[in-house]
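Here the structure comes first, spelled out in structure tokens, and everything after it is commentary.
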Amino acid sequence: MLMYRKLLPALGLLGLVAGGAAQAAGLVAAGNAFLISGSTALDNQVKAALLLPSASGGPCTAGTISVYVDAAVTAPITGLTKAHQTTVVCTLAAAIGTAPNQIAAGTVVAFTKESNGGSNEGTANVATATALTFFDATQTPAGCAASAAIAAGFYYAHQQAFNEFDACTGPLIQAVPQIGLADEDPALFNVGPQAITAATIAKLNTTPLFQNQFGLAVSLNLYRALQRAQGLALNDTLAAMPTLSKSAIAGLFSGVNGSWADILSPSGAAINSSTYTNGVTVPSTVYTCRRGDNSGTNVGADVYFLHNRCIGGLSPMTAVTTTAANCGGLPTGGGAYTPENFGCKWAAVNLADVTFGGTGSGDVASCLHAHSVAGQFAYGPLGATSKFDDPNGLEVSGETGTNHWRYVAIDGFKPTVEGMANGTYDYAFDNVLNTNKTLAGTALSVSTFLGNLFQSPTALEDIIVVQTNAADANYATGGLLDALNNAGIAQNSPIVTLAELQGTGGSPVSAFTYAPGGGVNNCQRPLPVGPVLTKEQF
């Protein structure tokens, strides 16, 4: 249930709306505002964890939570999951840390997550104390167009009720993040103008969190062509999911396979031949929709498909062709801010880019969608919390939706959390929380608290995404704890079901580990711990 209310800035009552909501962000003391940077793929886990009830480990007292976002007002409301700036303000339900670095229960605090770049902003910027743009939670919010009372469970199953203020424009500050999040360990951010060094890594304390799943997505029209070529039904169930080989995908990412004529059906015909495109003429140009080099999603694809960043001298990923003039949202100043390194916000002009690099997962999804609608084949990596639409669509004129793309199987193995838990799908990496070794005081206490909170099994259960448009109850994607997780939570015994991963008789734990020796190393091949299945179950 949602209830919109008129904003009350003139009365200084922001956040003090009915129901005992939290104080306004402008009333948070400077020492009680905490800044989180980095991975956009982890945004849902961060928000789900911060909004957990205190009985489940969440920091906030019930009835005191206000959330300020820069996302537009929509109907139905989607601001929390679409924002590039998010500030959660609440009263602490319990003390964080111990004296003298303790924040007392009853203190009003603010947690701000910026989502403007990628995982390297949760790595290099933390290590080098380089400032980023954040909402300033010590000032009264500006430009907020509306508030809405968000019912418990609206966004995430265990989420507390809160008041959401959309379309906020600031105030914005340049500040050094205290806590950084990244999809992989620091050593893998070794490409481009912000390539990390051993000296930079030595400045960081790194805490492993959980395994984030990724998928290889293709434009809807390519998905249907693959189904026709592989003799599959034209629907969105797991049983009808087509596959691409890992080597073929590597050829696409490297540019070695520079034409769709290089991707053949079992009978040897090009995948873009009219037999498979329903008679539509599809050009042979391979359009790549990926992220900028600083993104953890892009790092994961580079490592998983091309083995780059772990070994030198290998084929690089095909370069972004977007010009700076056509790169929306590119910060000024040059240096690290290039389309290749930072990425761009998707716009119609980018349809001409053979290789587009996005700043966020939404830009990659928009790129795939646009190429599908335009009658062009495209592919790219996506985090597994994204959702497609246009169920059973065939990409004919006038179809609804804005996410005309689908995940494909890799070497026959399908991207599900059940596959991760049963040991058949391993395109996933251990993500981490980074802090500078100089961090001290209450900020250090908060980082320790969040490092534990972001591994919450309850929050992980909440971010398992069922692809409802697939009409297949087993089609669920998301993230799971490493098999050798810090909390010592045991794996489930195969055959693992979705119900077990969502907390019914089991826990959200992967079959694999990237930390056999204790520390995370995502160059390590994922190693199964215990029994695993040998065949795809769906």
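Tabulated data
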{"read-out": "Region 230-247, subset surrounded by fewer than 15 Cβ atoms within 10 Å (Cβ to Cβ) and aliphatic (A, V, I, L, M), residue farthest from the chain's Cα centre (by Cα)", "value": "ALA233"}
{"read-out": "Residues satisfying the stated conditions in region 135-166, i.e. crowded, with 24+ Cβ neighbours inside 10 Å and under 23 Å from the mean Cα position of the chain (by Cα)", "value": "PHE135, GLN159, PHE162, GLU164, PHE165, ASP166"}
{"read-out": "Search result, residues across region 44-82 that are part of a loop (DSSP other than H, G, I, E, B), aliphatic (A, V, I, L, M) and either in contact (Cβ under 8 Å) with a residue 40 or more places away in the chain or not assigned by TED's automatic domain parsing to the domain that holds GLY143 (or both)", "value": "LEU51, LEU52, ALA62, ILE65, ALA71, ALA72, VAL73, ILE77"}
{"read-out": "Among residues of region 1-39, those that are modelled with pLDDT under 90 and either in a helix (DSSP H, G or I) or within 18 Å of GLY122 (Cβ to Cβ) (or both), counted", "value": "7"}
{"read-out": "Any hit, region 294-306, residues being outside any helix (DSSP H, G or I) and under 21 Å from THR197 (Cβ atoms)", "value": "yes"}
{"read-out": "Matching residues in region 203-229 - criterion: being hydrophobic (A, V, I, L, M, F, W, C), buried (at least 24 other Cβ atoms within 10 Å of the Cβ) and over 20 Å from ASN522 (Cβ atoms)", "value": "ALA217, VAL218, LEU220, LEU222, ALA225"}
{"read-out": "Scan of region 329-350 for residues that are surrounded by 14 or more Cβ atoms within 10 Å (Cβ to Cβ) and small (Gly, Ala, Ser), ordered by number", "value": "GLY329, ALA336, GLY343, ALA347"}
{"read-out": "Residue that is farthest from ALA41 (Cα to Cα) [pool: residues in region 333-362 that are polar (S, T, N, Q) and under 20 Å from the mean Cα position of the chain (by Cα)]", "value": "ASN341"}
{"read-out": "Contacts under 6 angstrom Cβ, first residue in region 201-229 being more than 27 Å from VAL46 (Cα to Cα) and at pLDDT 95 or above, partner in a loop (DSSP other than H, G, I, E, B) and among the acidic types (Asp, Glu), 6 or more apart", "value": "LEU220/GLU395; ASN221/GLU395"}
{"read-out": "Cβ pairs under 7 Å, 6+ apart, first in region 143-157 and in the same structural domain as LEU52 (by TED's automatic domain parsing), second surrounded by fewer than 16 Cβ atoms within 10 Å (Cβ to Cβ) and at pLDDT 95 or above", "value": "GLY143/THR169"}
{"read-out": "Which numbered condition GLU164 misses (of (1) closer than 28 Å to PRO381 by Cβ; (2) part of a strand (DSSP E or B); (3) of a type in the set (Asp, Glu))", "value": "(1)"}
{"read-out": "Residues (assigned to a loop (DSSP other than H, G, I, E, B) and surrounded by fewer than 20 Cβ atoms within 10 Å (Cβ to Cβ)) located in region 525-538", "value": "ARG525, VAL529, GLY530, PRO531, VAL532, LEU533, THR534, LYS535, GLU536, GLN537, PHE538"}
{"read-out": "Odd one out for VAL408, checked against (1) part of a strand (DSSP E or B); (2) crowded, with 22+ Cβ neighbours inside 10 Å", "value": "(2)"}
{"read-out": "Of all residues making up region 339-350, the number that are assigned to a loop (DSSP other than H, G, I, E, B) and touching a Leu at 6+ places or on another chain (Cβ under 8 Å)", "value": "2"}
{"read-out": "Filter result for GLY97 (in the same structural domain as THR169 (by TED's automatic domain parsing) and on the phi > 0 side of the Ramachandran plot)", "value": "yes"}
{"read-out": "Every residue from region 324-340 that is touching a residue at least 24 places away in the same chain (Cβ under 8 Å) and over 17 Å from GLU114 (Cβ atoms)", "value": "ASN326, GLY335, THR338, PRO339, GLU340"}
{"read-out": "Subset tally (residues that are under 18 Å from LEU222 (Cβ atoms) and assigned to a helix (DSSP H, G or I)) for region 351-373", "value": "11"}
{"read-out": "Options GLY380, GLY393: the member that is in a strand (DSSP E or B) and buried (at least 21 other Cβ atoms within 10 Å of the Cβ)", "value": "GLY380"}
{"read-out": "Any hit, region 408-415, residues being in contact with a helix residue (DSSP H, G or I) (Cβ under 8 Å, 6 or more places away or on another chain) and among the aliphatic types (A, V, I, L, M)", "value": "yes"}
{"read-out": "Search result, residues across region 487-511 that are under 12 Å from PRO531 (Cα atoms) and in contact with a helix residue (DSSP H, G or I) (Cβ under 7 Å, 6 or more places away or on another chain)", "value": "ASN492, PRO494, ILE495, VAL496, SER510, ALA511"}
{"read-out": "Top-ranked residue of region 171-193 - restricted to ones that are surrounded by fewer than 22 Cβ atoms within 10 Å (Cβ to Cβ) and not assigned by TED's automatic domain parsing to the domain that holds THR86, ranked as nearest to SER447 (Cα to Cα)", "value": "ALA187"}
{"read-out": "Condition check for ALA217: assigned by TED's automatic domain parsing to the domain that holds HIS369, small (Gly, Ala, Ser) and touching a Leu at 6+ places or on another chain (Cβ under 7 Å)", "value": "yes"}
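The values are calculated or read from the model by the stated rules, or taken from the named source; none is laboratory data. Quick caveat: nothing in here was measured; it's all calculated off a predicted structure. Neighbour counts are summed over all protein chains in view; Cβ atoms, including those assigned to glycine, are modelled from backbone coordinates with ideal geometry.
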